[in-house]
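Below is one structure, written out as structure tokens; the observations come after it.
The values are calculated or read from the model by the stated rules, or taken from the named source; none is laboratory data. The structure displayed is predicted, hence computed values, not measured ones. Every residue, glycine as well, gets a Cβ built from its backbone with ideal geometry; the counts of neighbours run over all protein chains shown.
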Amino acid sequence: MKKVLITSMAAASLFTMQLAHSATICDAKSALKDARSHLVSMVGSTDKAEQKSLKTKVDAATTELEAAIKAMLGDANKGDDAQLTTFQETWAAFKNTRETEIVPAVYAGDSAKAKAIATGIQAERMSVMNGVVSTLGGDKCK
């Protein structure tokens, strides 16, 4: 009887860990989507007040994304570690370009430059990050 109980508890624990891991992936996917969509809206806006409001939303989504990735790194399986490292490195480059090139271009009124960067290297980076999220189960998110 003890063996059955221990086995059941282990299975329940594994199921709970998988759910928690899955929720974290979904949180990361949602925050990544939000950060990107608010940035795209910001690039398309010419209204300074709206740009600042959207930047606040970009920053909030960034905080959520980074918290989710940090949690995922804490729970990572060996196979997930490499994927999460790829995500983190790509995200760092994405965020740096956003903060040092795209946002200043938007605030300076140079939306053409901001769009060129967003649809160039940033789109490539987004593809890499979405691929990692998908590999880690993000396709199962609603």
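Observations
- Qualifying residue in the range 87-102 (condition: touching a residue at least 12 places away in the same chain (Cβ under 8 Å) and farther than 30 Å from Ala49 by Cα): yes
- Residue in the range 111-133 that is surrounded by fewer than 18 Cβ atoms within 10 Å (Cβ to Cβ), among the basic types (Lys, Arg), at pLDDT 95 or above and farther than 18 Å from Lys57 by Cβ present: yes
- Listed by first and then second residue, the pairs linking a residue in the range 52-71 that is without any contact (Cβ under 8 Å) to a residue 40 or more places away in the chain and among the β-branched types (Val, Ile, Thr) to a residue that is assigned to a helix (DSSP H, G or I) and crowded, with 16+ Cβ neighbours inside 10 Å, with Cβ atoms under 6 Å apart and 6 or more places separating them unless they lie on different chains, are Thr62/Ala35.
- Residue within the range 78-99 that is under 19 Å from Met129 (Cα atoms), of a type in the set (Lys, Arg) and surrounded by fewer than 16 Cβ atoms within 10 Å (Cβ to Cβ) present: yes
- Enumeration of residues in the range 114-128 that are assigned to a helix (DSSP H, G or I), more than 16 Å from the chain's Cα centre (by Cα) and without any contact (Cβ under 8 Å) to a residue 12 or more places away in the chain: Ala116, Thr119
- Those residues of the range 31-74 which are closer than 21 Å to Val132 by Cα, of a type in the set (D, E, K, R) and either surrounded by fewer than 19 Cβ atoms within 10 Å (Cβ to Cβ) or touching an Asp or Glu at 6+ places or on another chain (Cβ under 6 Å) (or both), in sequence order: Lys33, Asp34, Glu64, Glu66, Lys70
- Single condition Ile102 does not satisfy, out of (1) farther than 15 Å from Val132 by Cβ; (2) surrounded by fewer than 19 Cβ atoms within 10 Å (Cβ to Cβ): (2)
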